[in-house]
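Below is one structure; the comments refer to it alone.
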Amino acid sequence: EMTFQTGGFEAESGQATGGIVNLVTKSGGNEFSGSVDIRYRDENMTENGDHFDRDEQDSLYQSLSGTLGGPILRDKLWFFVSLEKTDKSKFTRRYESWEDAVDDDYTDGSTNYTGEYASAKLTWQPSPSHSIFGNYMIDPIDIPDLYAYIGYNDRTQSADNLREQGGNAFIAEWTGVMSDSVFLTFKYNKKEAPLNNIPNTIDTNYYTWANGGLYFGGSTSEYYTNRNHDIYAGTFTKFLDTASGSHELK
């Protein structure tokens, strides 16, 4: 379940001004169920005509995904897991030397990225009024020859980078119905999301030929970042029925 909200934010959203995306992932139930999804596309599946240049399209895309959910203890504890592996190849075109740049002679090739997406979720309902869930997710992606992949043709392979991105996240939430008018939730979220550009050639020296805008030698960039955060959130909700109508206090 996914919802988008652009106005009229609830109290627990704080000082949101742009928009809020709320995502609720699947949970297991009292019956075992699952799915398998296989996708494949190559260059022969892309039209080559007035509006499409087949060489400019992704030359290969394939993914395999599956899900499984069910009970560990019926009516008490359930699990749900999902996994997807993706391999996407892309047509590239770039200069391999300054002589090629002078002659405007491109070298055709391809590059690809591989990604993994996995999620594991446990949901526990110790009583009809209380429920707890924990969800762990990973989504690492490696993109070799990053600049070639995103369409730059002015960097030789030695001056390109390996991009490492994605990471992992853990979410835990407790929900309690304390009475017919009081509702409590507590949530914890931890996320680790590195974003690294690793040079193909470990050398801080690089060279550029101004007339052709060609970079060769070492890479033009190198950085390593950790985009980590922790979130602690709690919500108290009380419903009031008064002579002036129904109210909700958060």
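The values are calculated or read from the model by the stated rules, or taken from the named source; none is laboratory data. Predicted model, so just to flag it, every value in this text is computed and none were measured. Virtual Cβ from ideal backbone geometry, glycine too; neighbours counted across all protein chains shown. Keep in mind that these areas ignore ligands, DNA and RNA; they rest on the heavy atoms of the full protein, side chains included. Shrake-Rupley method; radii C 1.70, N 1.55, O 1.52, S 1.80 Å.
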Filter region 118-136 for residues that are touching a residue at least 40 places away in the same chain (Cβ under 8 Å) and among the aromatic types (Phe, Trp, Tyr); the one that is nearest to Lys26 (Cα to Cα) is Phe133
Expected single match for among the β-branched types (Val, Ile, Thr), open to solvent by less than 60 Å² (accessible area, probe 1.4 Å), assigned to a strand (DSSP E or B) and touching a helix residue (DSSP H, G or I) at 6+ places or on another chain (Cβ under 9 Å) among Thr111, Thr86 is Thr111
The condition of being open to solvent by less than 50 Å² (accessible area, probe 1.4 Å) and closer than 19 Å to Pro71 by Cβ holds, among Gly134, Gly167, only for Gly134
Gly151: passes all of (1) outside any strand (DSSP E or B); (2) on the phi < 0 side of the Ramachandran plot but (2)
Screening Phe80, Phe91 for residues that are surrounded by 14 or more Cβ atoms within 10 Å (Cβ to Cβ) and at pLDDT 90 or above leaves only Phe80
Would a scan of region 138-148 turn up a residue that is open to solvent by less than 30 Å² (accessible area, probe 1.4 Å), aliphatic (A, V, I, L, M) and outside any helix (DSSP H, G or I)?
yes
Kindly indicate whether Arg54 is basic (Lys, Arg), in contact with a Ser or Thr (Cβ under 6 Å, 6 or more places away or on another chain) and either modelled with pLDDT of 80 or more or open to solvent by 80 Å² or more (accessible area, probe 1.4 Å) (or both). yes
